[in-house]
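Down below is the structure, laid out as structure tokens.
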Amino acid sequence: MLPTTALLLGLTGTVLGFHVCQLIADEVSFVTDVYYPGSSSYVADNEHYATSSSQVSKCSVEPGSAEDVGIILGILGKTKTPFGIKGGGHAINQGFSSTTGVQIAMTRFIEVTYDSATQTAVIGAGNIWDDVYELLNTQGVNVVGGRATGIGVAGFTLGGGYSWLSNRYGLALDNVVAYELVVPNGTVVTVMEENDPHLFFSLKGGGNNYGIVTQFTLKTYLQGAVWGGAASYNASYMSVFNAAAVKFCSEVTDPKAAMVMMYAYASGQVLLSAMMFYDGPTPPDGIFDDFLAIPALTLDIATRPFFDLINSTSSGAVVYRSLFNDIPTLEYSESFIEGIIDELNYWGPTLSAQGAFFVGYAIEPFLPSLLTHAPVGSSAYPSSRDHVVFPTVVVLQWVSESGDDVFHDAARQTAEKLGVKGESIYPNYAIYDTPVVDMFGEEGVKRMEATRKRVDPYGVMLLTGGFKV
Ligand SMILES: Cc1cc2nc3c(=O)[nH]c(=O)nc-3n(C[C@H](O)[C@H](O)[C@H](O)COP(=O)(O)OP(=O)(O)OC[C@H]3O[C@@H](n4cnc5c(N)ncnc54)[C@H](O)[C@@H]3O)c2cc1C
Ligand SMILES: *[C@@H]1O[C@H](CO)[C@@H](O)[C@H](O)[C@H]1NC(C)=O
Ligand SMILES: *[C@@H]1O[C@H](CO)[C@@H](O)[C@H](O)[C@H]1NC(C)=O
Ligand SMILES: *[C@@H]1O[C@H](CO)[C@@H](O)[C@H](O)[C@H]1NC(C)=O
């Protein structure tokens, strides 16, 4: 064993990393493993959806029990070692779930247990939604989770969670009944409204500020076959597409219906696409008819199990460098959509000249009742439940690291131009330097900060990336 004092004196780099990895391997039980560069587990543990979100860690750890997570946090805290916590690895900001220190991969927490008596399911923090949906489908139930393939339960739920089912049941965080959380002193706690309302509130948006979540208890709902999928269209149909989009956003009130519309620029042209969803085997007439009437370039719409709809969103394309930014939006009017198109017509060609292969804006409409499925003041995000703010997102993808600054600036500028000032920013879409007060509000941040100081008095969770309170 290394003398702890030497570690605290701040030996850095490989020496520290190596010994910390060895310390962890020595202290944990047999259900946990440590992996080094060269092993396939190490590669998988460090892998992210976007290559720009991955870093080269000293080693990776796959904890197999909550107790071992506690031991690991204890060692990382004592040695002041930077670390990353990875669920599904879809964080789009570098360093949020990656690290040059110790990479923790939650892949062994894959429990999915449905309890029909309480209509809840215990979901391990290492699951991706695809697997959760498929397992719950055998019981005829579902939970409020991700809309695209590969997304992790943990990051999605800790940051908010806009789902195909949100118009019916709220955000993912509105559906958490309990968290099993390993706090930085190594204790495993169950956090519920009843036993720790401030921590329960803070975990609903507050990401990894409070420790490592090992499982979520989520509300379940009956789920049958759904209708939907993706369609893409030539830009020559822009005006009918826009009219259909504005009409859907302003007129459809059926909570079983949901859409995401995308305005994108790739391979030198504008492309339009739509994801359509109906929570039932066939949508009533009128809801999607305008979109279905546009001649499609690609069309994959069917009545299918929920997990199959999610799996169908896989493009199969490798994502290189990528960044999102949130564009808080109050209304999807014709003029807002024209503003998006103006921005796309500017940034599409401009960024393509800098090596972009995809520039896109996703329109994400929800019903005005979206935030009424949980009490006012029940979650850190959003900072207010007075009215709905749509999380429009700009998506940039490019090839070379040398272009990073240009793309990061573009993501800021376009959000600044289109977003409504003073409205709650969505943590899971926000660029890395977004102030937390813009997501949680002043009251929210105060409550979260006080909770953080109580639960993590020595700032262990400041050693990992993410939005910090
Ligand atoms: C292609 C794509 C589609 C998306 N679609 C949607 C969508 O439809 N709706 C929506 O709301 N969002 C969507 N998102 C955003 C998504 O919610 C976030 O990227 C989310 O953080 C992903 O969670 P993850 O577990 O996969 O990510 P990770 O990168 O593994 O983690 C994200 C953050 O959570 C922390 N974390 C992970 N596990 C734990 C844990 N066990 N305990 C404590 N902290 C933890 C990490 O440290 C990190 O800061 C999408 C993202 C992508 C890339
Ligand atoms: C869209 O239509 C235009 C005009 O007909 C054509 O030149 C272009 O190649 C089409 N784009 C795609 C992606 O099919
Ligand atoms: C998901 O889709 C892929 C094809 O894109 C297919 O090979 C795979 O079997 C599907 N998985 C499930 C669980 O349906
Ligand atoms: C660890 O932290 C938890 C949560 O703040 C607290 O309840 C518990 O008493 C602490 N345990 C020790 C040993 O400090």
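Quick notes
- Paramagnetic reach from residue 335 in region 414-444 [backbone N under 20 Å; point 7 Å along Cα→Cβ]: 414-423
- Percent RCO, i.e. relative contact order, over the chain, from Cα pairs under 8 Å lying at least 6 residues apart: 16 percent
- Here region 284-312 and region 84-136 have alpha carbon centers that stand 28 Å from each other.
- DSSP bridge pairs, region 4-105: antiparallel proportion in percent, nearest 5: 30 percent
- Antiparallel bridges, percent of DSSP beta bridges restricted to the chain (to nearest 5): 90 percent
- Isolated cysteines of the chain, defined as having no other cysteine beta carbon under 4.7 Å away, are 249.
- Dividing the helix sum by the residues of the chain, where each DSSP H run of 4 or more adds -39500 (n - 2.57), gives a mean residue ellipticity at 222 nm of -9000 deg cm²/dmol.
- Axis angle, to the nearest 10 degrees, between helix 437-455 and the longest C-alpha principal axis of the chain: 20 degrees.
- As a calculated quantity, the FRET efficiency between residue 253 and residue 413 at R0 = 45 Å, using C-beta atoms, amounts to about 0.80.
- Note on region 112-223: Cα Rg divided by 2.2 N^0.38 Å, N the number of residues, gives 0.99.
- Residue pairs, from the table 204/247; 204/446; 86/204; 58/204; 78/468; 219/446, whose Cα atoms sit over 25 Å apart: 204/247; 58/204; 219/446
- Here residue 29 and residue 188 are evaluated by their C-beta separation; at R0 = 22 Å the FRET efficiency comes out at 0.95.
- Charging the Cβ of each Asp and Glu at -1 and of each Lys and Arg at +1, and nothing else, the dipole of the chain about its Cα centre rounds to 740 debye.
- Computed from point charges on the beta carbon alone (+1 for Lys and Arg, -1 for Asp and Glu), the dipole magnitude for region 112-223 about its Cα centre is near 260 Debye.
- In Å, descending, principal axis extents of the Cα set of the chain: 70, 56, 42
- Prolate/oblate/rounded label for region 403-469 (Cα gyration tensor, a/c 1.5): oblate
- Taking N as the residue count of region 240-376, its C-alpha radius of gyration divided by 2.2 N^0.38 Å amounts to 1.13.
- Computed from the C-beta positions of residue 453 and residue 195 and an R0 of 22 Å, the FRET efficiency is 0.70 to the nearest 0.05.
Quick note: the coordinates plus some simple rules give every number you see, no bench work behind them. Predicted model only: the values in this text are computed from it and were never measured. Virtual Cβ from ideal backbone geometry, glycine too; neighbours counted across all protein chains shown.
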